[in-house]
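K.L.:
Please see the structure below; I have some questions.
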Amino acid sequence: MEEFPKRKHPRLKTYDYSRNVYYHVTVCTYDKSPILSKVGVGRELAPAAERRKFIFAEECDFMDVFIKTIHLNDNGTLFVYPDSYAFDMVFRIAMGVNWDEEKSCLIHNPPRNWSLLRWYKQIILAVESEYKITLKVDSDTIYENIDSDMQRNIENGEFMHAV
């Protein structure tokens with residue numbers, strides 16, 4: 001009898017999956033075959049002609065997620081708290097951005113001598129590149145220990161010009 005390799009458990013050991021949040025899901029098919037279909041309760045699979053073709057990540061539209069809080073602690077570390085979304089797969093050493101499981105927020109690791117506005121931009125870009133999600137502020141976003149100039153630059157989108 002042929003022995004199959006043992007599968008790794010895909011769930012993170014330290015993550016609470018009972019939380020009411022959105023999840024990023026990637027579905028792969030063998031040889032990118034367009035086999036995904038509409039399935040409904042009490043219905044059969046849709047005819048092959050109606051089946052949804054495989055969508056590559058580059059073709060997807062960006063989804064918006066709003067930021068609940070932007071916080072600067074006394075050590076100069078920037079924390080970005082998304083509203084009901086977990087970015088637990090963001091770990092970009094080259095980008096210096098991580099997901100803090102305990103606090104449920106994105107943080108920067110300051111190995112570079114960048115401004116806080118540049119670090120904010122880096123956090124936004126890390127999420128966009130990893131999840132195809134645009135983090136946005138709105139009128140409900142709370143700014144903690146953030147000066148008025150930085151807040152204005154974030155709200156006006158000027159942070160994207162930060163170097």
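K.L.:
Nearest 20 debye, what's the magnitude of the dipole of region 61-161 about its Cα centre given +1 on Lys and Arg Cβ and -1 on Asp and Glu Cβ?
P.N.:
380
K.L.:
A follow-up question, please. Assuming R0 = 30 Å, what is the FRET efficiency of SER139 and ASN73, from their Cβ-Cβ distance, to the nearest 0.05?
P.N.:
So, using R0 = 30 Å, E works out to roughly 0.80.
K.L.:
Peptides 66-78, 151-163, 125-137: what's the order by average Cβ count within 10 Å, highest mean first?
P.N.:
125-137, 66-78, 151-163
Bear in mind that the values in this text are calculations on the coordinates, not laboratory data. These figures come from a predicted structure and were not determined experimentally. Here Cβ is always computed from backbone atoms with ideal geometry, including for glycine, and neighbour counts include all displayed protein chains.
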